[in-house]
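Down below is the structure, laid out as structure tokens.
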Amino acid sequence: QVQLVESGGGLVQPGGSLRLSCVASRIGFRGYVMGWYRQAPGKQRELVATITSDGRPNYVDSVKGRFTISRDNAKNTVALQMTSLKPEDTAVYYCNAHLEWLDYWGQGTRVTVSS
């Protein structure tokens, strides 16, 4: 059974930084597009960033220049470095693995940006 396990969430002040990590197991990691999504209270889940199997990133406009997605195919991990955090970044962040018709999700890690 495929497992995606996120870590690194927490409470941070506006302007601060956090690094989220996701470890994938029981999956052919190298072939998957990996991504981070988030869901704020009362809102739909939205895409934050994706990274292709060969390392090409893509970001939603609201996080461009502030967030960086990276992957390590040798360690089956994908990370999201978040800087200059804003209160509107508060959400549960989910790791996603996508390949053709397959989609796998982690359980989520909560990020709260508040003073």
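The figures follow:
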item	result
Those residues of segment 44-65 which are assigned to a loop (DSSP other than H, G, I, E, B) and among the polar types (S, T, N, Q), in sequence order	44, 52, 53
Restricting segment 68-77 to residues that are of a type in the set (S, T, N, Q) and touching a residue at least 24 places away in the same chain (Cβ under 8 Å), the residue that is surrounded by the fewest Cβ atoms within 10 Å (Cβ to Cβ)	73
Residue in segment 26-41 that is surrounded by 14 or more Cβ atoms within 10 Å (Cβ to Cβ) and of a type in the set (D, E, K, R) present	yes
Residue 38, sole failed condition from (1) at pLDDT 95 or above; (2) in a loop (DSSP other than H, G, I, E, B); (3) not acidic (Asp, Glu)	(2)
Flag if residue 80 is farther than 15 Å from residue 6 by Cα, in contact (Cβ under 8 Å) with a residue 60 or more places away in the chain and touching a Leu at 6+ places or on another chain (Cβ under 9 Å)	no
Contacts under 8 angstrom Cβ, first residue in segment 48-67 being closer than 20 Å to residue 14 by Cα and of a type in the set (D, E, K, R), partner open to solvent by less than 40 Å² (accessible area, probe 1.4 Å) and assigned to a loop (DSSP other than H, G, I, E, B), 6 or more apart	66/85
Checking residue 108 against (1) in contact (Cβ under 8 Å) with a residue 60 or more places away in the chain; (2) open to solvent by 20 Å² or more (accessible area, probe 1.4 Å), the condition it does not meet	(2)
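Conditions tested, residue by residue: (1) buried (at least 18 other Cβ atoms within 10 Å of the Cβ); (2) not in a strand (DSSP E or B).
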residue	(1), (2)
1	no, yes
6	yes, no
15	no, yes
19	no, no
22	yes, no
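The values are calculated or read from the model by the stated rules, or taken from the named source; none is laboratory data. All of these numbers come straight from a predicted model, not from anything done at the bench. Counting neighbours? That spans all protein chains shown, and the Cβs are built from the backbone with ideal geometry, glycine included. Keep in mind that these areas ignore ligands, DNA and RNA; they rest on the heavy atoms of the full protein, side chains included. Shrake-Rupley method; radii C 1.70, N 1.55, O 1.52, S 1.80 Å.
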